[in-house]
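The structure under discussion appears below in the form of structure tokens.
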Amino acid sequence: MNSQSLNDLTITRFQKRISDQKIKCTTCRHGCILSDNSFGKCKTRINSKYNIRSLNYGNISSMSVNPIEKKPFYHFYPGTFATTVGSWSCNFTCPWCQNYTITKTFPTKKGIKEILSPEELYQSILKKPRSSGISFSFNEPTLLVDYAIDVLNILKKNNSNLYSNFVTNGYMSLDVLEELTTAKLSAMVVGIKGGKENMKKYCDANINHIFENISIALERKIHIEIVVLVITEISDSIDFFRFITKKIVEDCHEDVPIHFNAYYPAYNYHKPRTSLAILEKARSIAMEEGLRFVYIGNILGHPALNTYCPSCKEKVITRNQSRFVSNILTKNHCCPSCSEKIPIID
């Protein structure tokens, strides 16, 4: 496809005029105020001739069909596969990013090449026999939100049975969250990477905004799972585990699935990888604090990859790393041993 000129780029829905020359980007909680020809923090939004335009719209960096468990979703359509797409850049500054080749790469100001329209993406998913839905991931999907909403509206228009989800840092604006709710986003995996001070220091983010978005999403019936990245010397302390799990219980719900994922050295952060003992301690504390579905990720073959009935401890869903193996729940999502209802969406 031919590249676009800058002025042909999509004008984002999410902007608010501040003055004759300045516009506030309302895509995420940073709320960047842009003068003419300037970029936002993420470098995917530019004020061009007094409109904020997205350099990410349809600008797909990656596409693949992955198990839903890889996101990780463990209580959302287990055993299915999703067409996963991502674009460029991020609105966080995490120095340990695993996907840094795309999150630390900015779209070019000169325009976009290889645009994939929302309709083309929809048709592409239909041609993939294993794909049950669309997942916006790889980089921060909030930066692709105008495109994502257009894709979701196509799903609604066609009464599609395809599901949809974001794998996100949860830092979208309230306006974006409202639009995603209206467009019927099915689910979100939200990543937490430390407490209040470390989220500000390393990610340039306010953790309270993330939990506000999680609470609103839950109220709007968007399925939520939370990934806590256990990062050596940042989010691996007993105090942090107690803080984060209490906050999830108090602000969210005891049945929200929580994943404690191992950190691996990458990009500009090279402390030793997370130990198994630390991950197991995190899980133990979370369960002590009242969370009922607590998982350990990134550890091949670990028993905490599986789902257990919180009442009788029967193993009801078996997994091997990011792969589904079996599900023995009844049709009503009940434990076959004690009839406890397990919160699963399928």
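Annotation: Phe324 fulfils all but one of (1) aromatic (Phe, Trp, Tyr); (2) out of contact with any strand residue (DSSP E or B) (no Cβ under 8 Å at 6 or more places or on another chain); (3) under 21 Å from Phe73 (Cβ atoms); the unmet one is (2).
In the stretch 20-65, the residue that is surrounded by the fewest Cβ atoms within 10 Å (Cβ to Cβ) out of those that are farther than 17 Å from Gly86 by Cα and β-branched (Val, Ile, Thr) is Ile33.
In the stretch 299-320, the residue that is nearest to the chain's Cα centre (by Cα) out of those that are over 18 Å from Pro343 (Cβ atoms) and in a loop (DSSP other than H, G, I, E, B) is Ile299.
If you go through the stretch 72-81 and pick out every residue that is touching a helix residue (DSSP H, G or I) at 6+ places or on another chain (Cβ under 8 Å) and either assigned to a strand (DSSP E or B) or surrounded by 20 or more Cβ atoms within 10 Å (Cβ to Cβ) (or both), you end up with 4. Take Arg292 and tell me if it is surrounded by 15 or more Cβ atoms within 10 Å (Cβ to Cβ) and of a type in the set (Lys, Arg). So Arg292 fits the description; yes. Of all the numbered requirements in (1) free of Cβ contacts under 8 Å to residues at least 24 places away in the same chain; (2) assigned by TED's automatic domain parsing to the domain that holds Asn320; (3) of a type outside the set (S, T, N, Q), Cys32 misses one, and that requirement is (2). So Ser117 fits all but one of (1) surrounded by 19 or more Cβ atoms within 10 Å (Cβ to Cβ); (2) out of contact with any Asp or Glu (no Cβ under 7 Å at 6 or more places or on another chain); what number is the exception? It is condition (1) that Ser117 fails.
Rundown of residues vs (1) within 23 Å of Ala148 (Cβ to Cβ); (2) assigned by TED's automatic domain parsing to the domain that holds Ser89; (3) in contact (Cβ under 8 Å) with a residue 40 or more places away in the chain, yes/no style:
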| position | (1), (2), (3) |
| --- | --- |
| Ser186 | yes, yes, yes |
| Val228 | no, yes, yes |
| Asp236 | no, yes, yes |
| Phe240 | no, yes, yes |
| Glu254 | no, yes, no |
| Pro265 | no, yes, yes |
| Arg273 | no, yes, yes |
| Gly290 | no, yes, yes |
| Gly297 | no, yes, yes |
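Somewhere in the stretch 96-107, is a residue hydroxyl-bearing (Ser, Thr, Tyr), under 17 Å from the mean Cα position of the chain (by Cα), part of a loop (DSSP other than H, G, I, E, B) and closer than 30 Å to Tyr269 by Cβ? No, there is no match, as no residue in the stretch 96-107 is hydroxyl-bearing (Ser, Thr, Tyr), under 17 Å from the mean Cα position of the chain (by Cα), part of a loop (DSSP other than H, G, I, E, B) and closer than 30 Å to Tyr269 by Cβ. Every listed requirement among (1) out of contact with any Leu (no Cβ under 9 Å at 6 or more places or on another chain); (2) closer than 19 Å to Val176 by Cβ; (3) not basic (Lys, Arg) is met by Tyr77 save one, (2). Annotation note: of Phe92, Phe73, the sole residue that is under 30 Å from Val316 (Cβ atoms) and either without any contact (Cβ under 8 Å) to a residue 12 or more places away in the chain or not polar (S, T, N, Q) (or both) is Phe73.
The values are calculated or read from the model by the stated rules, or taken from the named source; none is laboratory data. This structure is a prediction, so every number in the text was calculated from the model and none was measured. Positions of Cβ are generated from backbone atoms using ideal geometry, with glycine treated the same way; all protein chains shown enter the neighbour counts.
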